[in-house]
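Written out below as C-alpha cells is the structure these notes cover.
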Amino acid sequence: MNDLGLISSYKEGRGLVHDLTDKGWLRAGEEFGADPLSAAARSGGKVLYTLMRAMRRYFDRNGIEPNEVFLPAAAEAADPIDDVKHEITEPVAEGSTEKTPPSTSDIESRIHSAYHRLAREPKAFVSLTRLRADLAGLDRGAVDDVLSSLYREQKINLIPEANQKALTGEDRSAALHIGGQNRNHMAIK
C-alpha cells in the first residue's frame, strides 16, 4: 500500500506507524457504500459492508467524510513527524536584515489571532480566503502544515463550502485539500 501511495509508514520505537495519505483516505471512502465482494460475503464481510453502506448514507446526509470521524485519540493526535521540523539554515551575517522563518508555534499563534479578528462569534466559521489574506506574510506551505496538524489534533474544524458554485477562483485557490476534499472554512473548537 506504500507503493500505491495509499499509506505512509514510519518507525516509532520498536513498532511501525501507518498513516493514510489523502489518496488512501479517498480510496477508503470509496469502500463506504461499496457492494460486498463475493469472498467477503462468505466470510462475514457482508455484515461489515452493510454497516459501511449505512455509514456512507449517514456521511452523505450530514456532509462529512470518513476522515472526519476516524481520528486518532486526543492523546495520540500529535504526529511525531510534524512535531519536529528539521530545517537547515545558514548563519546570518551580522548586520543582515534577513529574518529567520517563524516557528510552528508562532504560525499557530498568528492563525489563532487572525481567526479571532475575523470571526463574528466564538466557533464561527471563517473563510480560508479571508484567513490567508490576514496571514499574507507567512509561507503558504507552513500555514497549510499547521492547519493540517491542528485539524488532526481536533483543535479546529475545516469544512468545504456547501455551495461549490458560489466559490470564486480565489476561494478555490485558498482551499486546503484534506481527505480528498477541498476545505474552504475554518472554525476553532
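What to note about this one:
- Filtering the stretch 174-189 to residues that are part of a strand (DSSP E or B) and open to solvent by 60 Å² or more (accessible area, probe 1.4 Å) leaves His177, Asn182.
- Looking across the stretch 17-34, the residues that are open to solvent by less than 90 Å² (accessible area, probe 1.4 Å) and among the acidic types (Asp, Glu) come down to Asp19, Asp22, Glu31.
- The number of residues in the stretch 157-173 being closer than 18 Å to Ile107 by Cβ and surrounded by fewer than 20 Cβ atoms within 10 Å (Cβ to Cβ) comes to 0.
- Among the candidates Leu4, Leu37, residue that is open to solvent by 90 Å² or more (accessible area, probe 1.4 Å) and at pLDDT 80 or above: Leu4
- If you go through the stretch 123-167 and pick out every residue that is closer than 22 Å to Ile64 by Cβ, in contact (Cβ under 8 Å) with a residue 24 or more places away in the chain, part of a loop (DSSP other than H, G, I, E, B) and not aromatic (Phe, Trp, Tyr), you end up with 8.
- Here the condition is being surrounded by 15 or more Cβ atoms within 10 Å (Cβ to Cβ), at pLDDT 75 or above and of a type outside the set (Gly, Ala, Ser); of Arg120, Arg110, Arg57, Arg14, it holds for Arg110 alone.
The values are calculated or read from the model by the stated rules, or taken from the named source; none is laboratory data. Predicted, not measured: the structure shown is a model, and the values here were computed from it. Glycine also receives a Cβ, built like all others from the backbone with ideal geometry; neighbour counts cover every protein chain displayed. In case anyone asks, the SASA skips ligands and DNA or RNA and just uses the protein heavy atoms, side chains included. Shrake-Rupley method; radii C 1.70, N 1.55, O 1.52, S 1.80 Å.
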